[in-house]
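Chemist: Attaching a single structure in structure tokens format; questions to follow.
The values are calculated or read from the model by the stated rules, or taken from the named source; none is laboratory data. Since the model is a prediction, treat every value here as computed from it, not as a measurement. For accessibility, only protein heavy atoms count, side chains too; no ligands or nucleic acids. Shrake-Rupley method; radii C 1.70, N 1.55, O 1.52, S 1.80 Å.
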Amino acid sequence: MRLAPMRYKGFTWPHNPRIYSIDYERKVAVNKVPFGTYHLQDLGRTRRVMRGQGEFVGRDAYAQFGALANTFYEEGPGLLTHPLWQTANAYFVELRLEQEPRPDYVRYSFTFWEDTDRYSGQVIRPEHSGGPGGAGGAGGGSGTAKGRVHRVRRGETLWGIALHYGVGIYQLITLNPQIKNPNLIYPGDEVRVD
């Protein structure tokens, strides 16, 4: 079976790299709960990391490596087409010469990070319940302070909520004395944001 050549942006490999690997990862936070137990918080999956190793052989080995290096220097993501992996929009994040070079042989390794295009670069404020005069607008239960209240959703962190509302994390902790451990919040918790 003959495989199609690997391609990235304008570069096509003259022969496919020898070794490939893909790393899949999910971030999980471990939060200590009193009396010897713990709570796991799923922070979601992260980028796929695609790595490989290969060789360029022949009189033009350095020219081939130079062309790959020029592709590495191009900014921004590009389309990575691999003979076995699914095509992905990816950043070329690492290129390494693996051994002392010879005139007709270059061994190299590379790393690509998948780009999911899920983040636009703009902070999107989450929906929140209430506000001054609205449902859930009274803060703390004493009725003396009013402000916006955010209801925690699955996967959210206090730091992320502070970022969305443009509030400092220490200010948010001060506004919410009911939160004993800032690293441990649960879906349904109410967090006062101003």
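Chemist: Determine the per residue accessible area of segment 41-123 with all protein chains present and a 1.4 angstrom probe, expressed in square angstrom.
Modeler: For segment 41-123, the per-residue accessible area is 60 Å².
Chemist: For segment 1-123, which whole percent of the accessible surface, found with a 1.4 angstrom probe, sits on carbon and sulfur atoms? Please list the in-between numbers first.
Modeler: Working: 4140 of 8120 Å².
Result for segment 1-123: 51 percent of the exposed heavy-atom area is carbon or sulfur.
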